[in-house]
Amino acid sequence: MSAIATDPIPVRALNQVTYCPRLYYLQYVDAVMPVNQHVEGGLFDHRRVDDPDLKNKTRNDRGTATSRGIALSSDTLGITGILDVIEEKNGEQYPVETKHGSAPHDDNGKPTVWDNDAVQLCAQAMLMEEAFGKPVSHGFQFHAGSKERVELKFTSELREKTHAAISRCRELSVLDSPPEPLPSELRHRCFGCSLAPVCLPEETLYQIGHPIPNEDAKQPAELKKVIPQSDDGAVLYLQEPGSSVGKRSEHLVIKKDGKETSRVPMHAVRQVVVCGNVQVSTQALETLAENEIPISYVTGHGRFIGSFVPAPSKNVSLRESQFKKFNESAVCLELAKAVVRAKLANQRTLLMRNLREDDTRGSKEYGARGLYDLLRTLDRHTSIESVLGVEGQGAALYFGEFGRFLKQPPTGKGFDFTTRNRRPPRDPVNALLSFAYTMLAKDCFSAVCTVGFDPYKGFFHAGRHGKPSLALDLCEEFRPVIADSVVLTLINNEIVTKADFVTWRDSCQLTDAGRKAFFAAYEQRKSTEITHPVYGYRMSYSRMLEVQARMLAAYVRGSIPSYTGFTVR
């Protein structure tokens, strides 16, 4: 990463590194840049400054010459930037920077400038001094929120702080993992930060302080919640055979036989899933990629093919750490135990819940005890193969009772389940299970790609050609609580019937109507909020997938000492 250390540093980055070194690393080294209302507000406030018609042009008004959007760089300082405004009055030049929020006030009630903003403005002055050969003693910051213009003196102390920020950027740029989150006295800066859902500061520090997961804790920790409650936007499922998807203005337009059937605003979509024979235009694909909206392809039979996603994030160091760590047998074994432990625990919970009122054969106790015994023996296993064996034994116990999870309607025309079968599934229940696992794999694939992993290099599943092994690894702990739960909801609430399936030879699959009902139930399940077993606050299952992927990334990079699988209580 030596090339990064010699590249010119954006002036804006000095603001970030002064505010939070971890924020700088994630944004400028890992190249992660989410947008929230604060970022959008800043872009709105800069709309005049960033107007291309005004850049590099000087305007005179009442004795003050104003130039906007001036690009300056310095090889000596090693920084570069585009200055909002340069004003010249009475022979003096000085920078003027616009900020979205309100001005802070000192003890005397006078408006002032935040330290990180002061460093950014000082760096602009230093660029001006080198470019124009004149000293710059002061500048101004305009706070759009309170409409206050505050003068800032460029003292020797502030200049030293600015040089220190440049040096700190150089130090961070060659690291393989981000620094620790801010200490507790500065944690208030995390609230409202656009990178909080990526940084996970409270969660990371908790994991650092608790290197050994407490599996027997009756209550999870109560961390301050700094991440959003749920994802914005919906998943758009496209399955009408022969339909096509195009782009018009800021909308996705769906047509069938040349007639428009629906139109969906781009901002309302966070993911697109294409099932079967649906054509998506190049223009639509390009727009989806530009808006970082992934599109996943699934066959009409329910097999996950792959995803068209935006260009991979630039955090190469994570993928380097991933390949290094996942080539270490001890690391793979530890992670395999974590996900199998979570899967067995969740299977046991689902078994106990669904056989609570029907335990005439004592199988609830037998199955739960069997899964509990497997959980107790898990730590003694010393190879991935033996952990796979434990997972297989757990599946046998779990699916041995799965048929009894299904409620039989008074008509007696319910669904039967005797054993798990696939490739292809041969009965309606197995068809639903296979389709649910496909959808879950698709979402896990999206989660690991969002974080920056290579989805095909896993630690548990064999890395066979074409298999997104890491996505499948992440799936394991969520199979019972998301996929299996959706199947039980569809059957026990009679949302699907046998008429929603078609059987040909030895293969059974959902009809278009059946898939439509499935998609609705699946998205409803993903939007369900659940308390995280470690961090103690609620989030949707959809968000939980990404949180687990990010904590896995933190473990892979060495930022936290262990990874804990997700379990329900």
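Remarks
- Label-point separation in nm, Glu180 to Val264, each point 7 Å along Cα→Cβ: 4.4 nm
- Simple label model, 7 Å out from Cα along Cβ direction - Phe191 to His105, nm: 2.0 nm
- Each other residue within a Cβ distance under 15 Å of Leu238 adds +1 if Lys or Arg and -1 if Asp or Glu, for a net charge of +4.
- Take 119-126, 341-348, 151-158 and order them by the average number of nearby Cβ atoms within 10 Å per residue, most first; the result is 119-126, 341-348, 151-158.
- Neighbour net charge for Ile295 - beta-carbon separation under 15 angstrom, K R +1, D E -1: -1
- FRET efficiency for the Arg420 to Ala164 pair, using the beta carbon distance and R₀ = 56 Å, is estimated at 0.40.
- Translational diffusion of segment 234-293, µm² s⁻¹ [Kirkwood Rh, Cα pairs; Stokes-Einstein; 20 °C; 1.002 mPa s]: 188 µm²/s
- Alpha carbon centroid spacing (whole Å) that separates segment 379-428 from segment 119-163: 67 Å
- Using θ = phi - 60° and Karplus 6.51 cos²θ - 1.76 cosθ + 1.60, couplings along segment 497-505 (whole Hz; Gly, Pro as x): 10, 5, 5, 8, 10, 10, 10, 9, 6
- The alpha carbon centroids of segment 511-560 and segment 72-89 are separated by 44 Å.
- In this structure the amide hydrogen of Gly306, modeled in the peptide plane, comes within under 5 Å of the amide hydrogens of Tyr297, none closer than 5 places in sequence on its chain.
- Under 16 Å from the Arg319 label point (7 Å along Cα→beta-carbon), backbone N, segment 171-187: none
- Listed residue (Ala431, Phe405, Ser469) projecting farthest to the positive dipole end of segment 389-503, Cβ model: Ala431
- Point-charge dipole on Cβ atoms (K/R +1, D/E -1) for segment 317-556, about Cα centre, debye to 20: 140 debye
- Per-pair calculated FRET efficiency, R0 = 60 Å: Arg380 and Ser73 via Cβ, rounded to 0.05: 0.50
- Point-charge dipole on Cβ atoms (K/R +1, D/E -1) for segment 234-293, about Cα centre, debye to 20: 180 debye
- For Gly458, distant residues with modelled amide H under 5 Å away: Ser469, Leu470
- Between Ala31 and Ala517, the modelled labels are 4.6 nm apart [label points 7 Å from Cα along Cα→Cβ].
Values quoted throughout were computed directly from the atomic coordinates according to the rules given, and no laboratory measurement underlies them. Just so you know, these numbers come straight off a predicted model, no measurement behind them. So basically every Cβ, Gly included, is an ideal-geometry build from the backbone, and we count neighbours across all protein chains shown.
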